[in-house]
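Quick notes on the structure that follows.
The values are calculated or read from the model by the stated rules, or taken from the named source; none is laboratory data. Keep in mind that what you see is a predicted model, and the values were worked out from it rather than measured. Here Cβ is always computed from backbone atoms with ideal geometry, including for glycine, and neighbour counts include all displayed protein chains. Surface areas here come from the heavy atoms of the whole protein model, side chains and all, with no ligands, DNA or RNA. Shrake-Rupley method; radii C 1.70, N 1.55, O 1.52, S 1.80 Å.
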Amino acid sequence: MKGNQTGDMSRHLNLLFTATANILRNKVRTILLILCLMAVLFPWITAISISEGIKFQSLLSVEEGADIYVTSDYFGSNGPIPLDYLDRFRKMEGVVSVFPRIVGRAYFVNRLATIVGILPENLPKSIHLARGRTFLEKGEVMVGKGLAQEFGLQPGVRFSLSINPSKLLKVMGIFDADATIWSSNLILMAFDDAGEFFKMKGKATDILVYTRPGYGSVLAKEIQEAGWDPPLRVQDKALVKRYFQRGFNYKAGVFTALYTVAFALAIPALLVISGFGQTERKKEIGVLKATGWQTQEVMEMVAIENLVISLTSAPLAILMSMVWLKWLNGAWIAQFFIAEIGLMAPFPIPSRFLPLPSILAFLFAVILTMVGSLYSTWRTAAVPPAEAMR
Amino acid sequence: METIIRTEKVDKVYYRGKPEEVRALHQIDLEIFKNRFVLLRGPSGSGKTTLLNVISTIDRPTEGFIFLFGEDVSKYSDVGLSRLRQKRIGLIFQNFNLLPRLPAWENVSFPLIPLGVMEKERRRRSVEMLTQLRLEKRIDHPPEQMSGGEQQRVAIARALINDPDIVMADEPTSNIDAKSIKTLLGILMDLKGKGKTIIVSSHDPVFLDYSETMFLLKDGKLIDIENPNDFKCP
């Protein structure tokens, strides 16, 4: 029994070494196959990494943000909310602090910038001042690093935006943030300034409510059901998190679905490359069978060859994806997930490499190579050797 | 005399039922005894190679029975036939069928791979076999760097690496020169001297003086048997 096991182990080891030697011997076929697999896998790995990176940053922002966001309900959509709600919310049990915020968008030259009007004391902790200082006086703003770099903005520079050209703004600070995607194109200004800028005095786009631990969902429900006129839209942290997750999962899903089509189209190409030198292989299989190899041994050797190629291709595709993100900042692929960034993003594209997509990449590679060669090998190995060698 | 191979009414039909149907073998009945030098003879297209393929189990008959070592191998599974070839049959092909990128010793040793013989031992046995066939200087050479005669000797070494009971050679003189033919005959006779059964398919008259039994084929039919006494058990 022990002898049999040792023999079996030696046989499997022999097949492993032979398969590896075959891969090294058929260099052209191996390199072509690996390159083809990398070309198929790396855009998908890059896309999923970007999606995961953005999702992570979004969730960080949500985590750092308020417990409840309240807006007016305008025909089922978010609408501006009058500031007199601030005091009403402050009086509710469990509320720690309440402050208003204005979030709007305006073109800065050709770049769509997000303008946030906020009280200086409510600036998020994730924002780091890179240069200058925060806004204190009327007309003072802080701009995100990406926007500053793109347009050469420095503290002291004055500018105006087309939406309200009469209002002159002065850059006082340049900031960076943990969530690059949100901070890059951001212009932060005092809440009152933003109200003036968007001509929305006495209103906010939303009111941020911070609660004591455990009060978030209870208070959200209470505000929702209080019967305000006009009615309010309330979103608690959990709901916002779900929106983000769902949104990114949906985008990643759409990308994966689109990619599956491209992937399916790539299969015939891989079949051709896998079958590269198939006539020679057919004859080789015939000779192996004629000299005593069994079909399952031939199949095992070919499967190991594919496994080794997949094990090489998948990490190389991941490596290429890392290079693509680090040196080319996710060019071409990132624009699918982040609107209006163009081919090359002006800020560092967030990314996260998780184990699951890496495992999936390896599985894809295995499936592709196996589909490409195992069936044809089996067909050849299952016929009498004389026929395979003919 | 011990019967080692027997066939009963073996037919081999290619493209059966199609307009291009070819009846390569027709009702072949033969018996081969152990430790004989057997020649399958006949003109081109007579069915020599097909018969050799069928009795060596690398092809299956369309009809009929093949008994090897007393067992009906027509019923053997693919695995069973592979095992049989691995342990008891050594094949030398007309065009040698060496794997082009492998050095001589690896070409000789690959039948040992599924037996679990590790590389060091495989090389040792292959080198020993190649040395016996006077190929010690060609051990690490790939087939394209060898002459036809040398390639054939590598193919012989591969056929013998598992110490088979039967050695079968298909048209072994068709791709080698006169000197190599002489060497080949020496090797085959030496193998016969070691108790192996030798079966050669060839139309080359060079084997006539060496063969003890000759089956003459024409149009897929067995038309003559030389040394018919061999067929009658004493």
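Checked against (1) outside any helix (DSSP H, G or I); (2) buried (at least 19 other Cβ atoms within 10 Å of the Cβ), B:Arg134 passes all but a single condition, namely (2). Against the test of being more than 18 Å from B:Ser147 (Cβ to Cβ) and more than 8 Å from every other protein chain (Cβ to nearest Cβ), the options B:Ile92, B:Ile66, B:Ile113 yield a single qualifying residue, B:Ile66.
At positive phi and either open to solvent by 20 Å² or more (accessible area, probe 1.4 Å) or outside any strand (DSSP E or B) (or both): does that describe B:Arg101? Against the criterion (at positive phi and either open to solvent by 20 Å² or more (accessible area, probe 1.4 Å) or outside any strand (DSSP E or B) (or both)), B:Arg101 does not qualify. Would you say B:Ile32 is more than 10 Å from chain A (Cβ to nearest Cβ), crowded, with 18+ Cβ neighbours inside 10 Å, outside any loop (DSSP other than H, G, I, E, B) and among the β-branched types (Val, Ile, Thr)? Considered against the rule, which asks whether it is more than 10 Å from chain A (Cβ to nearest Cβ), crowded, with 18+ Cβ neighbours inside 10 Å, outside any loop (DSSP other than H, G, I, E, B) and among the β-branched types (Val, Ile, Thr), B:Ile32 comes out as yes.
Results for (1) within 30 Å of B:Gly90 (Cα to Cα); (2) surrounded by fewer than 24 Cβ atoms within 10 Å (Cβ to Cβ); (3) modelled with pLDDT of 90 or more, shown as yes or no for each residue.
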| site | (1), (2), (3) |
| --- | --- |
| A:Ser313 | no, no, yes |
| A:Ala317 | no, no, yes |
| A:Glu340 | no, yes, no |
| A:Leu354 | no, yes, no |
| A:Ser376 | yes, yes, no |
| A:Met389 | yes, yes, no |
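Just to be sure before I move on: is A:Leu123 open to solvent by 50 Å² or more (accessible area, probe 1.4 Å) and closer than 26 Å to A:Asp206 by Cβ in the structure I sent? No; evaluated as a whole, the condition is false for this residue.
If you filter segment A:356-374 down to residues that are farther than 30 Å from A:Lys326 by Cα and open to solvent by less than 20 Å² (accessible area, probe 1.4 Å), you find that the one that is nearest to the other protein chains (Cβ to nearest Cβ) is A:Ser373.
Suppose we filter segment B:143-194 for residues that are open to solvent by less than 10 Å² (accessible area, probe 1.4 Å), within 14 Å of chain A (Cβ to nearest Cβ) and touching a Ser or Thr at 6+ places or on another chain (Cβ under 6 Å); how many remain? Total satisfying the criteria: 2.
Only residues that are buried (at least 23 other Cβ atoms within 10 Å of the Cβ) and either of a type in the set (Phe, Trp, Tyr) or more than 11 Å from the chain's Cα centre (by Cα) (or both) were counted in segment B:43-55, giving 4. Has segment A:159-175 got at least one residue that is in the same structural domain as A:Tyr85 (by TED's automatic domain parsing), open to solvent by less than 30 Å² (accessible area, probe 1.4 Å), part of a strand (DSSP E or B) and closer than 19 Å to A:Leu83 by Cβ? Checked segment A:159-175: no residue is in the same structural domain as A:Tyr85 (by TED's automatic domain parsing), open to solvent by less than 30 Å² (accessible area, probe 1.4 Å), part of a strand (DSSP E or B) and closer than 19 Å to A:Leu83 by Cβ. Going through segment A:263-284 one residue at a time, which ones are over 16 Å from A:Met370 (Cβ atoms) and modelled with pLDDT of 70 or more? Within segment A:263-284, A:Thr279, A:Glu280, A:Lys282, A:Lys283, A:Glu284 qualify. Given the conditions (1) under 27 Å from A:Gly152 (Cβ atoms); (2) among the aliphatic types (A, V, I, L, M); (3) modelled with pLDDT of 90 or more, report the number of the one that A:Ile81 does not fulfil. So the condition that A:Ile81 fails would be (1). Looking across B:Ser211, B:Ser202, one residue alone is open to solvent by less than 10 Å² (accessible area, probe 1.4 Å), modelled with pLDDT of 90 or more and within 29 Å of B:Glu63 (Cβ to Cβ). It is B:Ser202. Could you check A:Leu33 against (1) within 30 Å of the chain's Cα centre (by Cα); (2) outside the structural domain of A:Phe362 (by TED's automatic domain parsing); (3) not β-branched (Val, Ile, Thr) and say which number it fails? So A:Leu33 meets the others, but not (2).
Please go through (1) within 12 Å of chain A (Cβ to nearest Cβ); (2) open to solvent by 10 Å² or more (accessible area, probe 1.4 Å) for B:Arg85 and return the number of the only condition it doesn't satisfy. Looking at each condition in turn, B:Arg85 falls short on (2). Here B:Val79 fulfils each of the conditions (1) surrounded by fewer than 19 Cβ atoms within 10 Å (Cβ to Cβ); (2) more than 10 Å from chain A (Cβ to nearest Cβ); (3) over 13 Å from the mean Cα position of the chain (by Cα); (4) not charged (D, E, K, R) apart from (2).
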